[in-house]
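Q: First the structure, which I've put down as structure tokens, then a few questions once you've had a look.
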Amino acid sequence: MAEQKHERALIIDFGSQVTQLIARRLRESGVYCEIHPFNKVDEPFLKTYDPQAVILSGGPASVTWDDSPRAPAEVFELGVPVLGICYGQQVMMEQLGGRVESGTSREFGRAFIEKVQDDKLLEGLFEAGAEEQVWMSHGDHVAEMAPGFKVIAKSPGAPVAAIVDPDRDFYATQFHVEVVHTPHGAQILRNFTHKIAGLKGDWTMAAYREEAIEKIRAQVGSGRVICGLSGGVDSSVAAVLIHEAIGSQLTCVYVDHGLMRMNESEQVVDLFREHYNIPLVHVDASDLFLGELDGVSDPERKRKIIGKLFIDVFEEEAKKIGGADFLAQGTLYPDVIESVSAIGGPSVTIKSHHNVGGLPERMNMQLVEPLRDLFKDEVRALGRELGLPEAFIGRHPFPGPGLAIRIPGAITREKADTLRKADAIYLEELRNGGLYDQIWQAFAVLLPVNTVGVMGDERTYENVLALRAVTSTDGMTADYFPFEHDFLGRVATRIINEVKGVNRVVYDITSKPPGTIEWE
């Protein structure tokens, strides 16, 4: 838990798949907050955490169920503003003397609310009697408000779309304010934290950097730290931050598994050895990894093989270095949240798509995790604060298994080289066209499909390559990027002309709703 230097809000999680977005929106406005599951929040915790505002998240349960989750009663006795969202609204009503009914009123998707009367929560958004787009996702509805509450906004399917108890500063919305589909949802949350709770928004990356350096020095002392670099933004930012704190007491180990993007290993080595002068061990283990992956088609087996080999190689190199007391990891706040989630869901399956495994307890080292309070976009902001090159900080996400998850079916060195070249051309053209930074993630996929084509005067039987590019603000949902046909034609022509083994290029225009897994 962060030190008590900042104002703070508490988000009580009831299992919504978009709870993290509440925290992201709050932090974007400078408010430090943490997410904690409903069954871990008790009176001692509340006294220690001392929130200045509380938000009750949505969730998959129905408050009409006998065993449905409830908010700790102490929350309503803190004397601080409370905001309930969707399930949070319903649980607030149920616990404070209202009544919720199930199944007679449903709204899923885009809806329009009408402001009934002015209030600080909706201040500056739209006039009374006007409509505002929001995002609904509920099967239950509030049939009777708790005493003291009044309606400030309604919709055709939710007569109590937004309500307030002005005497206690208790607020609730049936719609999800945290998602981008509620266009002014971030402003509603800011109204709650800044205008109602009176928070100033004093949490910045500059302050986080200073405090993190102090914590690292206090934890490590004169000890030595070893960090496993993946080539990604998270471990790289963690390494640079730790190096700023303790200098040469840090040694990094970079394991090249042969499934990185074009020239990525060279870029990582150059950045850390030449630019930052950080002690770095570079291990080329591509033959080992590709040998073990030979003939393996199942995507889950691929990830497990890569994860186990990475651990084995890293552990071997750590023993060679000797004497390390601490193990640095680029753990992010979403990892922390999921590890203590109160309600099960699809996250474990989805998360395995991105991860290749954790380092074993038998290494007997204390963990140094300076990013464990941050989301991905905050890690990028910290990287900029630390002076990492923008070309490195702004790189699209690249999950641990690397090219392995972009080669459905069996992996060979030839396939990896083919995909690497095609992917590099695709990304180069995105940068040449000024499109790279408009896209959240773009990559090529070498499909396990061959097609007959004619190239010049010869018939070919070669691979089909798929291109994917999506826009996203949160990584939870995504939509395809609307390329111009001329751009796609230029990329396809270059790939077919310059990459041997590809005779057809297609563009995937599938959107990604929450919780889906790409390409497997």
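The values are calculated or read from the model by the stated rules, or taken from the named source; none is laboratory data. All figures in this text were calculated on a predicted structure; none of them were measured in a lab. With ideal geometry, Cβ positions are generated from the backbone for all residues, glycine too; neighbour counts draw on all protein chains shown. Surface areas here come from the heavy atoms of the whole protein model, side chains and all, with no ligands, DNA or RNA. Shrake-Rupley method; radii C 1.70, N 1.55, O 1.52, S 1.80 Å.
Q: Between residue 210 and residue 372, what's the calculated FRET efficiency when r is the beta-carbon distance and R0 is 25 Å? Round to 0.05.
A: Working: r = 17 Å, r/R0 = 0.68.
Between residue 210 and residue 372 the formula returns 0.90.
Q: Which FRET efficiency, nearest 0.05, do residue 412 and residue 49 yield, Cβ-Cβ r, R0 56 Å? Each step should come with its number before you reach the end.
A: Values: r = 52 Å, r/R0 = 0.93.
The pair residue 412/residue 49 has a calculated efficiency of 0.60.
Q: Mind putting a number on the dipole of the range 1-116 about its Cα centre? Charges go on the C-beta only, +1 for Lys and Arg and -1 for Asp and Glu, and I need it in Debye to the nearest 20. Could you put the intermediate results ahead of the total?
A: On the way: 12 positive and 16 negative charges, 91 e Å.
Roughly 440 debye, rounded to the nearest 20.
Q: Hey, another quick one. Label-point separation (nm) for residue 144 and residue 486, each offset 7 Å from Cα along Cα-to-Cβ?
A: Once both label points are built, they end up 6.6 nm from each other.
Q: Percent of accessible area on the chain owned by carbon and sulfur, 1.4 Å probe?
A: For the chain, the apolar C and S fraction of the accessible surface comes to 48 percent.
Q: Do the alpha carbons of any pairs in 120/200; 320/421; 319/376; 308/421; 304/415 sit beyond 23 Å of each other, and which pairs?
A: On the way: 120/200 16 Å; 320/421 34 Å; 319/376 31 Å; 308/421 27 Å; 304/415 20 Å.
The pairs that break the limit, which is 23 Å between Cα atoms, are 320/421; 319/376; 308/421.
Q: For residue 301 and residue 431 in one chain, what is 0.36 nm times their gap in residues minus the Cα-Cα distance, to one decimal in nm? Don't skip to the answer; put the middle values down first.
A: Details: separation 130, 0.36 × 130 = 46.80 nm, distance 3.41 nm.
In short, 43.4 nm is gained.
Q: May I ask you to order 445-451, 8-14 by the average number of other C-beta atoms within 10 Å around their residues, highest value first? Working shown, then result.
A: Values: 445-451: 16.7, 8-14: 25.1.
Peptide ranking by packing, descending: 8-14, 445-451.
Q: When you count, for each residue, the other Cβ atoms within 10 Å and take the mean per peptide, how do 190-196, 213-219 rank with the highest first?
A: Working: 190-196: 20.7, 213-219: 15.0.
Descending packing order for the listed peptides: 190-196, 213-219.
Q: Follow-up question, since we're still on this one. So, with +1 on the Cβ of K and R and -1 on the Cβ of D and E, and no other charges, what is the size of the charge dipole of the range 162-295 about its Cα centre, to the nearest 20 debye? Could you put the intermediate results ahead of the total?
A: Details: 10 positive and 19 negative charges, 131 e Å.
Here the range 162-295 has a charge dipole of around 640 debye.
Q: For the chain, what is the convex hull volume of its Cα atoms per residue in Å³? All intermediate terms of the calculation are to be shown ahead of the outcome.
A: Working: hull volume 86.1 nm³, N = 520.
It is 166 Å³ per residue.
Q: Also, quick follow-up: Under 16 Å from a point 7 Å along the Cα-to-Cβ line of residue 320: which residues of the range 205-239 have their amide N that close?
A: Those under the cut-off are 226-229.
Q: Next question. Return the Rg/Rh ratio of the range 27-66 with Cα-based radii and a Kirkwood Rh. Show your work: numbers first, answer last.
A: Details: Rg = 12.8 Å, Rh = 12.4 Å.
Answer for the range 27-66: 1.03.
Q: Could I ask something else about it? Highest first, please rank the peptides 290-297, 369-376 by the mean number of other Cβ atoms sitting within 10 Å of their residues.
A: Those peptides, ordered most packed to least, come out 369-376, 290-297.
Q: For a Förster distance of 25 Å, can you work out the FRET efficiency between the beta-carbons of residue 312 and residue 273, rounded to the nearest 0.05? If you can, show how the numbers build up before the last one.
A: Numbers: r = 24 Å, r/R0 = 0.97.
According to the calculation, E is roughly 0.55.
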